[in-house]
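Student: Encoded as structure tokens, here's the structure I'll be asking about.
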Amino acid sequence: MNLFSHFRTCFPSDPARTFIEEADGTRLSYSELLERTGRLANLFLSWGVKPGDRIAVQVDKSVPALLVYLASLRAGAVYLPLNPSYTAAEVRYFLADSTPAAFICRPETEHEMRLIAEALGVPRVETLGTSGDGSLPPNWAAAPALFDEVERSDSDLAAILYTSGTTGRSKGAMLTHANLASNGMTLREAWRFTADDRLLHALPIFHTHGLFVATNTVLMAGSSMIFLPGFDAAEIIRLLPRATVMMGVPTFYTRLLARSDLTKELVRHIRLFVSGSAPLSAEAHREFQARTGHAILERYGMTETNMNSSNPYEGDRIAGSVGPPLPGVEIRIADPATGRPAPGEIGVIEIRGPNVFQGYWQMPEKTKAEFRDDGFFISGDLGRFDSRGYLHIVGREKDLIISGGLNVYPAEVEAVIEAVQGVGECAVIGVPHPDFGEAVLAVVTARPGARLDEAGILRALVDRLARYKQPKRIVIADELPRNAMGKIRKKDLREAFATSFS
Ligand code: AMP
């Protein structure tokens, strides 16, 4: 079934109900959503877009940009969003790799993007700005509104999302209509979404979190959302009283905690705060609960698999854990070297279920290497289950530090350092060391008003961490480098401190 047809069966019975409201009060109803995506899907067909063709998009976040996603689904095309911060050279790689039938870019970059796209033989290039500008809107508005969704089978692709690719070439994760439908329904049930919910949406929409987790869950419940162009703490504080749910990356929560106007009273209408895409520190979790009365619900997922585990809606939400597997999703822990199941131990997290993607676009070898023979996807994340069946992530496999032959899991060291008085955030990395192979190095930031020194932090760790886990050096920094999803760029830190011990 076409994912959009699925959404349609969940729309509110009153089509005048709001789907999206913007910060200035502009609203888009469910009937307008149907009308506008119908027009755009008709326009796509008039360009010659056929089922399975890719529609690549590099535009800034806006309501029309979100409608491009939904119209692509209706037309049976494969939606391919690109991070607006990708450079022209990066975009050239993605267009060459995905050979889209159409490319929609920003009016500001049209000149250079058109040259690239035309040189690669992309048949159609259009532009879309954030204020109704660009070449797309006039033809869009003039196309007929009625459109019947193009039929799709469960194995047909709905989207390709390129992974952030911190090592090697970025890979296009192929996601089917069925992958997205199953995860959307699972999250609607797990997080108890209803038509009365209003989600505060400040995430980017080129990534699985803002695009699928947030939007698809809302559409599966006929809920509405307050749609913001990005995260602005003051705007969030202003709009929180109007919302019932917020989804965010951990930096949203740490930035809100830095504000004195984050209070219990402010969030009294909120029923759920969700965090994911990067680890939420146990410290931030506890502090947020103390300030607002809300235990943030942390979940775990990735572009390739959609969402895998979630702390419970009812029941204990454990700080520092990503909760038990979601219904229908199997998660096991395996020995990274042999692939043998390693229950009760730290190992690589492997995932199987209707949520898991079909493989990497045009990379059969890479795809084969990342799946076990029995269909489990090897996530590359390391973790363990506790006695209650809650999953704890200890870091990416490639971030594991081997110092003097002993494994050091960055997340464990980071949690201990973040609990030291005055420490704000912390990133632990391994850097080359002449004796130990790798040495543990920590980069930390101070809380506002706190003064930190390396010796003081090291003293605080003596009784709390085994000697081999204690950093050989602690660097005090103003801030940690992060990507758009708030993930710490550990690769950049490793490069910056590569020669610390040489
Ligand atoms: P992405 O494909 O960009 O969504 O990145 C997925 C990766 O983000 C996962 O493989 C994890 O390494 C990380 N991640 C996502 N959610 C969490 C979480 N709640 N805690 C720790 N890491 C997370």
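Student: Quick one: in the stretch 275-308, which of the residues that are touching a Lys or Arg at 6+ places or on another chain (Cβ under 9 Å) and among the aliphatic types (A, V, I, L, M) is farthest from Gly486 (Cα to Cα)?
Tutor: Filtering the stretch 275-308 for residues that are touching a Lys or Arg at 6+ places or on another chain (Cβ under 9 Å) and among the aliphatic types (A, V, I, L, M), the one farthest from Gly486 (Cα to Cα) comes out as Ala295.
Student: While we're looking at this one, here's another question. Name the residue that is nearest to Pro51 (Cα to Cα), counting only residues in the stretch 143-152 that are surrounded by fewer than 21 Cβ atoms within 10 Å (Cβ to Cβ) and touching a residue at least 60 places away in the same chain (Cβ under 8 Å).
Tutor: Within the stretch 143-152, the subset surrounded by fewer than 21 Cβ atoms within 10 Å (Cβ to Cβ) is 143-146, 148-149, 151.
Still in the list and also touching a residue at least 60 places away in the same chain (Cβ under 8 Å): 143-146, 149, 151.
On the way: Ala143: 19, Pro144: 19, Ala145: 19, Leu146: 18, Glu149: 11, Glu151: 9 Å.
Of everything passing the filter in the stretch 143-152, Glu151 is nearest to Pro51 (Cα to Cα).
Student: Let me ask you something else. For Ala439, are the conditions met, namely being at pLDDT below 95 and away from the ligand (no atom under 16 Å from the Cβ)?
Tutor: Values: at pLDDT below 95: no; away from the ligand (no atom under 16 Å from the Cβ): yes.
Judged against the criteria, Ala439 is not a match.
Student: Does the stretch 39-52 hold any residues that are open to solvent by less than 30 Å² (accessible area, probe 1.4 Å) and under 28 Å from the mean Cα position of the chain (by Cα), and which are they?
Tutor: Once the filter is applied, which keeps residues that are open to solvent by less than 30 Å² (accessible area, probe 1.4 Å) and under 28 Å from the mean Cα position of the chain (by Cα), the stretch 39-52 yields Leu40, Ala41, Phe44, Gly52.
Student: Please find, within the stretch 399-422, the residue that is nearest to Gly301 (Cα to Cα) out of those that are within 16 Å of the ligand (Cβ to nearest atom), hydrophobic (A, V, I, L, M, F, W, C) and in contact (Cβ under 8 Å) with a residue 60 or more places away in the chain.
Tutor: Checking each candidate, the answer is Ala411.
Student: Moving on. Restricting to the stretch 240-276, give me the number of residues that are closer than 19 Å to Phe193 by Cβ and hydroxyl-bearing (Ser, Thr, Tyr).
Tutor: Total satisfying the criteria: 2.
Student: Which fully enclosed strands (runs of 3 or more DSSP E) of the stretch 157-233 have 3 or more residues being touching a residue at least 60 places away in the same chain (Cβ under 8 Å)?
Tutor: Fully inside the stretch 157-233 and qualifying: 157-162, 172-176, 224-227.
Student: Further question: Return the residues of the stretch 326-378 that are aromatic (Phe, Trp, Tyr) and without any contact (Cβ under 8 Å) to a residue 60 or more places away in the chain; say none if nothing qualifies.
Tutor: The answer is Phe371, Phe376.
Conditions (1) more than 14 Å from Val68 (Cβ to Cβ); (2) open to solvent by 20 Å² or more (accessible area, probe 1.4 Å); (3) at pLDDT 95 or above, marked per residue:
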{"site": "Ala89", "(1), (2), (3)": "yes, yes, no"}
{"site": "Glu108", "(1), (2), (3)": "yes, yes, yes"}
{"site": "Arg114", "(1), (2), (3)": "yes, yes, yes"}
{"site": "Ala117", "(1), (2), (3)": "yes, no, yes"}
{"site": "Arg124", "(1), (2), (3)": "no, yes, yes"}
{"site": "Thr130", "(1), (2), (3)": "no, yes, yes"}
{"site": "Pro137", "(1), (2), (3)": "no, yes, yes"}
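Student: Let me ask another. Those residues that are closer than 22 Å to Thr445 by Cα, within 14 Å of the ligand (Cβ to nearest atom) and either hydrophobic (A, V, I, L, M, F, W, C) or free of Cβ contacts under 8 Å to residues at least 40 places away in the same chain (or both), I need them from the stretch 258-317; list them, please.
Tutor: Ser275, Ala278, Leu280, Ala282, Ala284, His285
Student: Related question: Please state which one of Arg384, Arg396, Arg388 is open to solvent by 70 Å² or more (accessible area, probe 1.4 Å), within 16 Å of the ligand (Cβ to nearest atom) and at pLDDT 95 or above. Spell out the reasoning first.
Tutor: On the way: Arg396 fails: at pLDDT 95 or above; Arg388 fails: within 16 Å of the ligand (Cβ to nearest atom).
It is Arg384.
Student: Of all residues in the stretch 348-369, how many are closer than 11 Å to Thr305 by Cβ and not polar (S, T, N, Q)?
Tutor: Number of matching residues: 8.
Student: Just to be sure before I move on: is Arg451 open to solvent by 70 Å² or more (accessible area, probe 1.4 Å), free of Cβ contacts under 8 Å to residues at least 24 places away in the same chain and not β-branched (Val, Ile, Thr) in the structure I sent?
Tutor: On the way: open to solvent by 70 Å² or more (accessible area, probe 1.4 Å): yes; free of Cβ contacts under 8 Å to residues at least 24 places away in the same chain: no; not β-branched (Val, Ile, Thr): yes.
No, not satisfied.
Listed here are the residues, each with its yes/no results for (1) more than 25 Å from Met363 (Cα to Cα); (2) surrounded by 21 or more Cβ atoms within 10 Å (Cβ to Cβ); (3) without any contact (Cβ under 8 Å) to a residue 24 or more places away in the chain.
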{"residue": "Gln58", "(1), (2), (3)": "no, yes, no"}
{"residue": "Ala75", "(1), (2), (3)": "yes, yes, no"}
{"residue": "Ser85", "(1), (2), (3)": "no, no, no"}
{"residue": "Tyr93", "(1), (2), (3)": "no, no, no"}
{"residue": "Ala101", "(1), (2), (3)": "no, no, no"}
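Student: Which of the numbered conditions does Tyr468 fail, given that it passes all the others? Conditions: (1) away from the ligand (no atom under 16 Å from the Cβ); (2) surrounded by 19 or more Cβ atoms within 10 Å (Cβ to Cβ); (3) among the hydroxyl-bearing types (Ser, Thr, Tyr).
Tutor: It fails just one condition, (2).
Student: Only one residue in Arg39, Arg54, Arg106 is touching a residue at least 24 places away in the same chain (Cβ under 8 Å) and farther than 22 Å from Asp133 by Cβ, so which one is that?
Tutor: Working: Arg39 fails: farther than 22 Å from Asp133 by Cβ; Arg106 fails: farther than 22 Å from Asp133 by Cβ.
Among Arg39, Arg54, Arg106, only Arg54 is touching a residue at least 24 places away in the same chain (Cβ under 8 Å) and farther than 22 Å from Asp133 by Cβ.
Student: Considering only residues that are at pLDDT 95 or above and in contact with a helix residue (DSSP H, G or I) (Cβ under 7 Å, 6 or more places away or on another chain), which ones fall in the stretch 330-355?
Tutor: Answer for the stretch 330-355, where residues must be at pLDDT 95 or above and in contact with a helix residue (DSSP H, G or I) (Cβ under 7 Å, 6 or more places away or on another chain): Val348, Pro354, Asn355.
Student: Here is a follow-up. Quick one: count up the residues across the stretch 297-320 that are buried (at least 23 other Cβ atoms within 10 Å of the Cβ) and not in a strand (DSSP E or B).
Tutor: Number satisfying all stated conditions: 3.
Student: Only residues in the stretch 6-17 that are within 11 Å of Ala195 (Cα to Cα) count as the first member; pair them with residues that are charged (D, E, K, R), Cβ under 9 angstrom, at least 6 apart or cross-chain, and list the lot.
Tutor: Here the result reads Cys10/Arg188; Phe11/Arg17, each pair linking the stretch 6-17 to a residue that is charged (D, E, K, R).
Student: Restricting to the stretch 242-274, name every residue that is in a helix (DSSP H, G or I) and either under 23 Å from Lys487 (Cβ atoms) or open to solvent by less than 50 Å² (accessible area, probe 1.4 Å) (or both).
Tutor: Pro250, Thr251, Phe252, Tyr253, Thr254, Arg255, Leu256, Leu257
Student: Working only within the stretch 480-500, note down all residues that are in contact with a Gly (Cβ under 9 Å, 6 or more places away or on another chain) and either open to solvent by 40 Å² or more (accessible area, probe 1.4 Å) or of a type in the set (Val, Ile, Thr) (or both).
Tutor: Answer for the stretch 480-500, where residues must be in contact with a Gly (Cβ under 9 Å, 6 or more places away or on another chain) and either open to solvent by 40 Å² or more (accessible area, probe 1.4 Å) or of a type in the set (Val, Ile, Thr) (or both): just Arg494.
The values are calculated or read from the model by the stated rules, or taken from the named source; none is laboratory data. Because the structure is a prediction, the values reported are computed rather than measured. Note: ideal-geometry Cβ built from the backbone for every residue, glycine included; neighbour counts use all protein chains shown. Heavy atoms of the whole protein, side chains included, go into the accessibility calculation; ligands, DNA and RNA do not. Shrake-Rupley method; radii C 1.70, N 1.55, O 1.52, S 1.80 Å.
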